[in-house]
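First up is the structure itself, then whatever we jot down about it.
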Amino acid sequence: MSLDLIKDTRRLRVGLLVGALVLLAVLATVWLQSTRSEWQKRQKTFFSLTGELRHSTEILQSPNCTGRMERCATCHLGARRFDLQGKNLPKVYRSHSRSMLGHLERGTGCVSCHGGSGRALDSRLSHALPGGDQPDPLLDQPYIQASCARCHIPGAREGMPRLVAGAESYLRLGCLICHPLASGGRGSWDFGPDLRATGRKSLAYLKTSLVDPAANFPGSTMPSFKNHFSDEPGELQDVLIFLLSLSIQDAGDCSHGGKLVSGVGKPCADCHAGAAGKAGGRFAHGCVYIVEHKDELNCAACHPKQVPAPGMGGGLCPVVERHRANCAVCHEMSEGSSPG
Amino acid sequence: MKGFFSALWDNLSGLPGNLRRGLRPGVADSGNSAASRLRRSFVYHIHPLRVTRRALRASTTLGLGVVSLTAFLILGVTGVLLMIYYQPGTQQAYASMQDIQYAVALGPFVRALHRWAAYAMLVSILLHLLRVASMGAYRGRELNWLVGLGLGGLALGLAFTGYLLPWDQRSYWAVRVSASMLDSVPLFGLALKNLMLGGQTVGQAALLRFYMLHVAMLPAGMLALIAIHLWRIRRDGGLAKEAGEGEDNELVPAWPHLVLRETLLMLWVLVALSAIAALVSAPLGAPVDVHIPANPEKAPWYFLWAQELVSYSARLGAFVIPALLVLGLVGLPFLDREDKGVGRWFGTPACRLAVLLSGLGAIGALLAFEVLYMQAGPGVFFKALGTLWPDIVNPGSGMIVVAFIAAISSGIATGSTRAAFLSGLVVMLVMLLGFTLIGVCRGPDWVFYWPWEGWPGVS
Amino acid sequence: MGNKDRAKDKGRVSSRRDFLALAGNVGVCACGLAAAGLGARLAVPELHDGPPHKFPVGPAADFVSGTLTWIRDREIFIVHDGDGFGAFSSRCTHLGCTVKRSTEGFYCPCHGASYDGRGRVMTGPARKDLPWYLTWVGSGGRVWVDTDRVVECGRKSANKERVTARDDEES
C-alpha cells in the first residue's frame, strides 16, 4: 500500500503545530513560576500587611563583617524595622529583638549568630534545617548562644551565661579528662576524640552521646551521664550549647580588628579568657581542678582498677600522670609533683 | 552640491526597496519564498532527495540519533547561558551556583534543563549504540562505528568534566576518587592523572582544566565528530539494511516526510525535557570539605556501575573492565562481518533466542555472584589467599567469564558471529545494569540495604 | 612527461613534481604534529602544587603520650606512645577517601575497607597498609614529618632522637 503523501504531510504539520503550542505553554508556565518564587510571595505579603504600596520585589543582599554575602533580609523584611515591634505579624516578618543591637550596627549580619546559608533564597536551604547535609544548620534559642563562640571565647564577654555555664559543667562532670581542649587539637582513641575536630553534629546526636554513648558508637568506653545532670533540662542544655560551640563553623576573618577567636597559637587562651578575649581570666584551671576534686569526680567509673583508693599507698592519681604534659605547657614541673 | 543632495534623497526614499533587495538577494529573481530557498540550500544539503519508507518508520531506528543530537544542542544553548553567571574558581564556584539557583531569573530552570538534557543524552547515546549493534548496522561501516564510539566517549567526558564544576561535596569527591582510579592504569596512569589535574591534588588547576575541557575542547570535538558522523551516513548509503525487498524500499521525498518527522521529534524532546526541568530542579550538594567525604559518597548514576566494580577491586574496575569493553566495542565490526540479518532487530530468530537466553543467564549469574560474595565477606575470605585473589575472584571478573561463555556458546550453537558478540554484549549490559542497581542500594559505609530498609542516621 | 612514464615503469617516484608534492605534504604534517606537541607540552604542569612534603605538625608537648591525633590539613595521624612519635596517612589506599576511627582501628566509609590500629589492611577493597612516614622531633621541640620517606609500619622515633643533622631544620 503506497504512502498517502498528502495525508502524511498534513499529519506531520498538525503534529508540529500542536508541539509548538505545548512548548509555548510549558515556557509560559516556567516564566510565570519565576515571577512567583517564595521570596517574591513573601515580599508581596509583607507589603500588603504593612500597607506599603510597592509593586516590585527585589532581592536584598549585603555583605556581613567577614565579607560573606547575606540575603536573609529579602524575606525577613521586618528585622530592622523596630517601628513594627508591637504589631502582630507572622514570625518571618517580626523585628529583631533589641538585645543584639550593637552587633547589628557593627554589621555582624544574620548567619554569624543564627547559622544557615546566607546566599540561598529558598527557606529550606537558607535555614539549612538539621538532618540535611548543609554544614551550618539554623540554631534556635537557647542553642543560639553557641554561636557566640564563632568569634568570642566563652566567657570573654558578658551576655553568654548559658555558654559559660555549659563550659563549667564540662569541667564539673569531668569531660576534660577524656576530651581535653588544649591547643594543637589533641584527642585519642583511648581517651575520646577531640570534640573540636569531629565536625558539626546534630543536637540529637550530641544528646545521645551524653545519655547513651554506645548507641552512637558501639563499643564506646564513654560512660553515660544520664543521671549526672543536676537540673534537667537546664544543665543538659547548657552542656549541649557548649558542645555545639566547640565545632561550630567560625565566622571568618572580620573586618574590624582581626580574629577574636582563640587558638591562634596561644595555648593559654583556650582555657583562660579575660576581657576582649585576652588571656587572664575566668575559667578555673582544668588540671588543678581535677587534682583537687578527684574524689568527687568518680574516677573509678572509668578506671576501676587503676585508681588507688584515697589514703592508700603512695603515688599520684594516674590520670594526673597521663595529663602531666598539659601542665608542663605552662608550668615548670619536676618528676613526681603536681602543679602548685 | 545639488547632485549630492538629490542622490542622497533618492537613496533614502528608495530605502525600503533596497533593504528588501539587499538583505534578501535573489528573491525577486527566483520568485521563491525564503523558506524554500533555505530548504534547498541547507535541508537538501544534509538529507538525500528521497528516502525509503523504511527510513520513515519509527521502529527502524527509534529516532535515537536525532534525540541525542537534540539533547546536545539543548546542552549547548543552556550551557552558554549558564556561562554568563558561573565562575570557575574554587572560592567562587559554589557561590556562583547558589546565585544561579536563587538570584538569577530563570536560573533554576536553565540549570535543571542542562542537567536533565545531559542525562537524556547519555541514555539516548547508549540506546543508539545498542540499536546499531543489535541490527549489525556497523557492517561495512567501520569508520562511522568508530566515530560513533568516539562521540560516546566524548559525551562521557563532558558529563565527567561538567560534574566537577559546581564544586560541591559530590563533585569534589567524585573527581578525587576517579583520579585515584587512574593509579590502577599501567604505563600512562600517573602521567594522565598529572595532566588531568594539573598537579597532584584536585584544586584550582583541576577546576580550570575541567572547565576548559567542558566548555571548549570537548564540545569542539563533538561538533567535528557529529559532522563526520552525519556525512558518513550519507556516504555509506543511508540506514543499513539487507539487500532490498518489498514496499519498504519504496522511495518518498525526504522533504517533508523525513525532515518534518525529525523536526517533530526534536520539538517533542525539547517539550519533554523542558517540562521535566520545570517540575524537578537540579540538586546542589553540600559545600565542599576537601578532607572529609560525605557518607555515603556515591558517583552519579551513569558511573555507579564503575564504583561498584571498583569497590571489589580497583585494578579490575578502573582498568581491566573498561579496557575490555572498549576493545570489544572497537573490534566489533572487524570480528563480526556477517551480512545476514543486517537492519533487523537482532538479525535472525536464532540470534534472538541466543541473546534472550544470555540475558536471562546473566541475571541469574549476577544474583548468584552477589549472594556468594556478600556472604563470604570479601576481604576476610580472600586475605588468607593473598592480595591477588580478591582482584581475580569477584562479581566483576565473574561478569567477564559469563560474557565469554555466553558469547562462545551462542556462537557455536548458532554458527553466527553476530549472535556470539550480541550475546556477550547483552551479558555485559545486563550485569552492568545490575551493578548500577546494587550501587543505588548502597548506604552509609558502602553497606548494602534493600530499598525498603531505611539507612541508619549518620550523625 | 616522458620521464614520469619511464620512472613509473621502474616503480619509483621520479619527477620533481611528485617529490615536491610529497615533501610538501610531509612538511605540513610535521608542522601539525609539532604544533600538537607544543600544545601538549604546555598542558603538562611545571609547578609543584600543594604544601611541601616535609613539614612540622606542632610542638611535641601538644601530643600527649598515648594519644592519636588527626592533622586535618595534611591528612595524617600522629601517634605518640612510649616508643616515640609516628605518623601515618589517613588516606585509604584503595581510592583516597579519608578513613574514620573504629573500634578495631580504622575504616573507610567510601567502600568499606578496614584497617587495624596500626594501619594494616584487614578487609575490603584496599590492598596496601596505610603508609607510615618518617617522623622525628627537631631541635626546636616540634614534631616533623616527611611524607616523601615511607618507613615500615609502626616505626616511631623516640622523643629525643635526631634522625640526621640534615633533617634538623628547626630555626
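The values are calculated or read from the model by the stated rules, or taken from the named source; none is laboratory data. What you are looking at is a predicted structure, and each value in this text was computed from that prediction instead of being measured. Here Cβ is always computed from backbone atoms with ideal geometry, including for glycine, and neighbour counts include all displayed protein chains. Remember, those area values only see protein heavy atoms, side chains included, never the ligands or the DNA or RNA. Shrake-Rupley method; radii C 1.70, N 1.55, O 1.52, S 1.80 Å.
Summed over the stretch B:169-208, residues that are over 28 Å from residue C:125 (Cβ atoms) and without any contact (Cβ under 8 Å) to a residue 60 or more places away in the chain total 1. Of the residues making up the stretch B:151-191, those that are more than 20 Å from residue B:216 (Cα to Cα) and of a type in the set (A, V, I, L, M) are B:174, B:177, B:179, B:181, B:182, B:185, B:187, B:190, B:191.
Looking for whichever is in contact (Cβ under 8 Å) with a residue 12 or more places away in the chain, within 16 Å of residue B:133 (Cβ to Cβ) and not in a loop (DSSP other than H, G, I, E, B) here; the options are B:316, B:325. Which one fits? Sole residue among the options that is in contact (Cβ under 8 Å) with a residue 12 or more places away in the chain, within 16 Å of residue B:133 (Cβ to Cβ) and not in a loop (DSSP other than H, G, I, E, B): B:325. Residues being assigned to a strand (DSSP E or B), buried (at least 18 other Cβ atoms within 10 Å of the Cβ) and not β-branched (Val, Ile, Thr) are entirely absent from the stretch C:38-57. Looking only at the stretch C:120-140, residues that are at pLDDT below 90 and more than 12 Å from chain B (Cβ to nearest Cβ) come to 5 in all.
Residues are listed down the side, and each one gets a yes or a no for (1) assigned to a helix (DSSP H, G or I); (2) open to solvent by less than 80 Å² (accessible area, probe 1.4 Å); (3) farther than 30 Å from residue A:107 by Cβ; (4) within 8 Å of chain B (Cβ to nearest Cβ):
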residue	(1), (2), (3), (4)
A:7	yes, no, yes, no
A:16	yes, yes, yes, yes
A:21	yes, no, yes, no
A:27	yes, yes, yes, yes
A:32	yes, no, yes, no
A:47	yes, yes, no, no
A:52	no, yes, no, no
A:60	no, yes, no, no
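The criterion of being open to solvent by less than 10 Å² (accessible area, probe 1.4 Å), touching a residue at least 12 places away in the same chain (Cβ under 8 Å) and within 14 Å of chain A (Cβ to nearest Cβ) holds for residue C:75.
The condition of being within 24 Å of residue B:444 (Cα to Cα) and of a type outside the set (Val, Ile, Thr) holds for only one of C:63, C:55, C:106, that being C:106. The numbered conditions (1) open to solvent by 20 Å² or more (accessible area, probe 1.4 Å); (2) out of contact with any Pro (no Cβ under 8 Å at 6 or more places or on another chain) are all true for residue C:123 except (2). Can we say residue C:129 is of a type in the set (Asp, Glu) and over 21 Å from the mean Cα position of the chain (by Cα)? For residue C:129, the condition - of a type in the set (Asp, Glu) and over 21 Å from the mean Cα position of the chain (by Cα) - is not met. If you filter the stretch C:23-61 down to residues that are closer than 30 Å to residue C:101 by Cα and without any contact (Cβ under 8 Å) to a residue 24 or more places away in the chain, you find that the one that is nearest to the other protein chains (Cβ to nearest Cβ) is C:49.
In the stretch A:167-188, the residues that are within 11 Å of chain C (Cβ to nearest Cβ) form Cβ pairs under 7 Å with partners that are modelled with pLDDT under 65 and not in a loop (DSSP other than H, G, I, E, B), at six or more places apart or across chains, as follows: A:180/A:326; A:182/A:267; A:182/A:270; A:182/A:326; A:183/A:267; A:183/A:270. The combined condition, being over 24 Å from the mean Cα position of the chain (by Cα) and open to solvent by less than 80 Å² (accessible area, probe 1.4 Å), is not fulfilled by residue B:110.
State whether the residues of the stretch B:81-89 include one that is open to solvent by less than 20 Å² (accessible area, probe 1.4 Å), in contact with a helix residue (DSSP H, G or I) (Cβ under 7 Å, 6 or more places away or on another chain) and not in a loop (DSSP other than H, G, I, E, B). No: the stretch B:81-89 contains no residue that is open to solvent by less than 20 Å² (accessible area, probe 1.4 Å), in contact with a helix residue (DSSP H, G or I) (Cβ under 7 Å, 6 or more places away or on another chain) and not in a loop (DSSP other than H, G, I, E, B). For residue C:66, the criteria (1) surrounded by fewer than 22 Cβ atoms within 10 Å (Cβ to Cβ); (2) among the small types (Gly, Ala, Ser); (3) more than 7 Å from every other protein chain (Cβ to nearest Cβ); (4) without any contact (Cβ under 8 Å) to a residue 60 or more places away in the chain hold in every case but one, which is (3). Of all residues in the stretch B:285-302, those being assigned to a helix (DSSP H, G or I) and either hydroxyl-bearing (Ser, Thr, Tyr) or within 13 Å of chain C (Cβ to nearest Cβ) (or both) number 1. Going residue by residue through the stretch B:414-422, is there one that turns out to be in a helix (DSSP H, G or I), touching a residue at least 24 places away in the same chain (Cβ under 8 Å) and within 14 Å of chain C (Cβ to nearest Cβ)? Scanning the stretch B:414-422, I find no residue that is in a helix (DSSP H, G or I), touching a residue at least 24 places away in the same chain (Cβ under 8 Å) and within 14 Å of chain C (Cβ to nearest Cβ), so the answer is no. Whether a residue is in contact (Cβ under 8 Å) with a residue 24 or more places away in the chain, more than 14 Å from chain A (Cβ to nearest Cβ) and polar (S, T, N, Q) was assessed, and residue B:124 passes this test. Just one of the listed residues (B:377, B:415, B:361, B:424) is open to solvent by 60 Å² or more (accessible area, probe 1.4 Å) and modelled with pLDDT under 95, namely B:415. Quick check: anything in the stretch B:269-284 farther than 22 Å from residue B:69 by Cβ, within 8 Å of chain A (Cβ to nearest Cβ) and assigned to a helix (DSSP H, G or I)? The answer is yes; a qualifying residue exists. When the stretch B:234-262 is limited to residues that are more than 15 Å from residue B:44 (Cβ to Cβ) and either crowded, with 18+ Cβ neighbours inside 10 Å or within 20 Å of the chain's Cα centre (by Cα) (or both), the one that is nearest to the other protein chains (Cβ to nearest Cβ) turns out to be B:261.
Listed here are the residues, each with its yes/no results for (1) at pLDDT 80 or above; (2) among the hydrophobic types (A, V, I, L, M, F, W, C); (3) not in a helix (DSSP H, G or I).
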| residue | (1), (2), (3) |
| --- | --- |
| A:130 | no, no, yes |
| A:148 | yes, yes, no |
| A:165 | yes, yes, no |
| A:169 | yes, no, no |
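Residue C:90 fulfils the conditions (1) facing chain B (nearest Cβ under 9 Å); (2) open to solvent by 30 Å² or more (accessible area, probe 1.4 Å); (3) touching a strand residue (DSSP E or B) at 6+ places or on another chain (Cβ under 6 Å) except for a single criterion, (2). Once the stretch B:202-212 is narrowed to residues that are assigned to a helix (DSSP H, G or I) and either open to solvent by 50 Å² or more (accessible area, probe 1.4 Å) or out of contact with any Ser or Thr (no Cβ under 7 Å at 6 or more places or on another chain) (or both), the residue that is nearest to the other protein chains (Cβ to nearest Cβ) is B:205.
From the list B:136, B:140, the one residue that fits, being open to solvent by 20 Å² or more (accessible area, probe 1.4 Å) and on the phi > 0 side of the Ramachandran plot, is B:140. For the stretch A:171-196, a residue qualifies if it is hydrophobic (A, V, I, L, M, F, W, C), at pLDDT below 70 and over 15 Å from residue A:149 (Cβ atoms), and the qualifying residues are A:177, A:182, A:189, A:191.
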